[in-house]
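First the structure, in the form of structure tokens, and then the observations on it.
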Amino acid sequence: MNHLEPLETLKYFNEKADTLNKYKRFMESLHEIKLGFTQSPEKSGRYQITVEGPDYESLAACVLTIRFFMQDNEDVSFRKMKALYDNLATSQENKKKFNQIRNELNKYLDSDSPLVISAQNTNPERILASNINEIFTQPLNDAFASGNKLTNRKILDLFVYGHFSHGKNKREEFNRLFLSNSAAIDSVALFIFTGILIEYMRCVFAVAEINQDVISEMEG
């Protein structure tokens, strides 16, 4: 595989960032995400959860571009960009800014999401690990107390490689955790995944701004 020169890499990263920014329908819908709860009268302590937000096609298109920044076989992955900035002929301030954004992203991805998978059930309950848990009745509280949290990185990984890219092993795990009996994606998981994409995109756009400053320096 032919690798890009530093200047070409910076420009290619920004081209991909511009592609993300062109998903207008998706970008607009990010500000309108709603998570709704409706109590199911026939099942004590159960809630029907719905999500209003980005359409599926926009999500899929966004993920196809996001993968360029995730996969280390791409020159513009965050890990490859770290190596580039370490050796780049630019100011320490620019290097510091890049590393700060990358570190913030990694810290966010490695932190627990507000999603808990209960180990008590063959088909796990998906519930929110937050104050909203207080509105649930005792059965769900018990599940919350004994459940396993998923990191933001794990959720991102499963959606990107287990759903949108259909890797066999990841797909099986995604289906087990996030699909209902009707083969619909779990609403809470989809809501959280969309929020993770928002944060990832914010970091991509922030790096693109630094890249542009470096490009201007290099082209003098």
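Which order do M81, M70 take by accessible area at a 1.4 Å probe, largest first?
Details: M81 0, M70 45 Å².
Ranked from most to least accessible, the order is M70, M81.
For L150, enumerate residues with amide H under 5 Å from its amide H, sequence gap 5+ or separate chain, H modeled in the peptide plane.
Counting only residues 5 or more places away or on other chains, the set is S113, L115, I117.
At 7 Å along the Cα-to-beta-carbon direction for both K96 and E173, put a label point, then send me their distance in nm to one decimal.
Inter-label distance under the simple model: 3.8 nm.
Using the Karplus curve 6.51 cos²θ - 1.76 cosθ + 1.60 with θ = phi - 60°, work out ³J(HN,Hα) for each residue of the stretch 5-21 in order, rounded to whole Hz, and write x for Gly and Pro.
Each residue's phi maps through the Karplus curve to give 6, x, 5, 4, 5, 4, 5, 5, 4, 5, 5, 5, 5, 5, 4, 4, 5 Hz.
I need the shape label for the stretch 58-101. Rule: rounded when a/c is under 1.5, else prolate if a/b > b/c, else oblate, with a, b, c from the alpha carbon gyration tensor. Kindly include the intermediate steps, with their values, before the conclusion.
Values: a/c = 3.80, a/b = 2.17, b/c = 1.75.
Prolate.
The values are calculated or read from the model by the stated rules, or taken from the named source; none is laboratory data. Quick caveat, the model's predicted, so the values are computed rather than measured. With ideal geometry, Cβ positions are generated from the backbone for all residues, glycine too; neighbour counts draw on all protein chains shown. Each accessible area value is taken on the protein alone, full model and side chains, heavy atoms only, with ligands, DNA and RNA left out. Shrake-Rupley method; radii C 1.70, N 1.55, O 1.52, S 1.80 Å.
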